[in-house]
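The values are calculated or read from the model by the stated rules, or taken from the named source; none is laboratory data. A quick note: this is a predicted structure, and the numbers were derived from the prediction, not measured. In this analysis, Cβ positions are derived from the backbone assuming ideal geometry, glycine residues included, and neighbour counts consider all displayed protein chains.
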Amino acid sequence: MIYQPLAISYKVLIRKENAMETFTYYPGCTLRTKAKELDRYARISAEALGISLVEPENWQCCGGAYTTATNEVATKLSSVRTLMAAKETAGLVTVCSACHNVIKQTNYDISHSEAMAVKVQRYLGLDDPYKGETMVYHYLELLRDVVGFDKLKEKVVNPFTGRKIAAYYGCLLLRPSKALAMDNPENPVIMEDFIRAIGGTPVIYSQRNECCGGYIALEDKAQAERRSGAVMASAEEMGAEMIITACPLCLYNLKKNSGNDMPVYYFTELLAEALGLKEAGNE
């Protein structure tokens, strides 16, 4: 399926294009259907923080999972098109963990393989090969590396003071660490630093970067229930009162299959609430 940009991205650009730094924004197809809160609050929060997010024309699904076969490029072409569309902006921003994983791995591999770059060039009929020139940011990296957590803290009007918040990374946001290069995959801090920036207290727990079993929920629901239940129980045992994540599949699995009613939110929901752009409890 080919997607057209939402009008909101153009409203942001037209209104403040001279005052805001412009990034290409790839929402991915899940954010258009089942994860609208992740997308909606990412957009309005970026605007409030001085970032313009502009969707490329006619973007397509990234595929949702990365094919590691080095001689297979057809499934990676939609990601390459998106990366190429972002070459003239400050970089490409993603927010869905799965989309980020696929696009970042594609960019890494094509930048390290002349053969892959040439093969993609031939498939797409390019005059010159794309060699990974685009800088790819996950939205959390945008907050850390472009906005800065200190500046974010200054913008907060509704801090989560006293709230114990557990960050759930899952298995796609940090790994493979060589390609994604976001944080230490065994002892990450980026989401905990985000929680501190919005005034909350991060909860460290053993299962925060373990798989929740979302990818096997249809094939082996019992295992998905055990894995998601273990994640929730681990956070709860350490005193968490809510969990935040960047992954739509993880959020669904933790809510539906864990057997635990502790609230699970997208991190962008808390961001928007902290910035005064979303009322507490409202979708």
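List of remarks:
- Looking only at the stretch 213-234, and only at residues there that are under 16 Å from Asp261 (Cβ atoms) and within 21 Å of the chain's Cα centre (by Cα), the one that is surrounded by the most Cβ atoms within 10 Å (Cβ to Cβ): Val231
- Whenever a residue of the stretch 180-193 is touching a residue at least 24 places away in the same chain (Cβ under 8 Å), its partners that are exposed (fewer than 14 other Cβ atoms within 10 Å of the Cβ) and part of a helix (DSSP H, G or I), lying with C-beta atoms within less than 8 angstrom and at least six residues away or across chains, give the pairs Pro185/Ser177.
- Test for Tyr123: is it outside any loop (DSSP other than H, G, I, E, B) and not assigned by TED's automatic domain parsing to the domain that holds Pro248: yes
- Being of a type outside the set (A, V, I, L, M), buried (at least 20 other Cβ atoms within 10 Å of the Cβ) and either touching a residue at least 40 places away in the same chain (Cβ under 8 Å) or over 16 Å from Thr268 (Cβ atoms) (or both) is a description that applies to Tyr139.
- Residue-level check: of (1) part of a helix (DSSP H, G or I); (2) outside the structural domain of Ile190 (by TED's automatic domain parsing); (3) surrounded by 14 or more Cβ atoms within 10 Å (Cβ to Cβ), Lys153 misses just (2).
- When Ala166 is tested against (1) part of a helix (DSSP H, G or I); (2) surrounded by 21 or more Cβ atoms within 10 Å (Cβ to Cβ); (3) among the small types (Gly, Ala, Ser), exactly one condition is not met: (1).
- Boolean, Tyr215 is within 28 Å of Ile110 (Cα to Cα) and at pLDDT below 95: yes
- Some residue of the stretch 139-147 being in contact with a His (Cβ under 9 Å, 6 or more places away or on another chain) and not acidic (Asp, Glu): yes
- Checking Met191 against (1) crowded, with 16+ Cβ neighbours inside 10 Å; (2) outside any helix (DSSP H, G or I), the condition it does not meet: (2)
- Residues in the stretch 77-117 that are of a type in the set (Asp, Glu), under 26 Å from Tyr215 (Cα atoms) and outside any helix (DSSP H, G or I): none.
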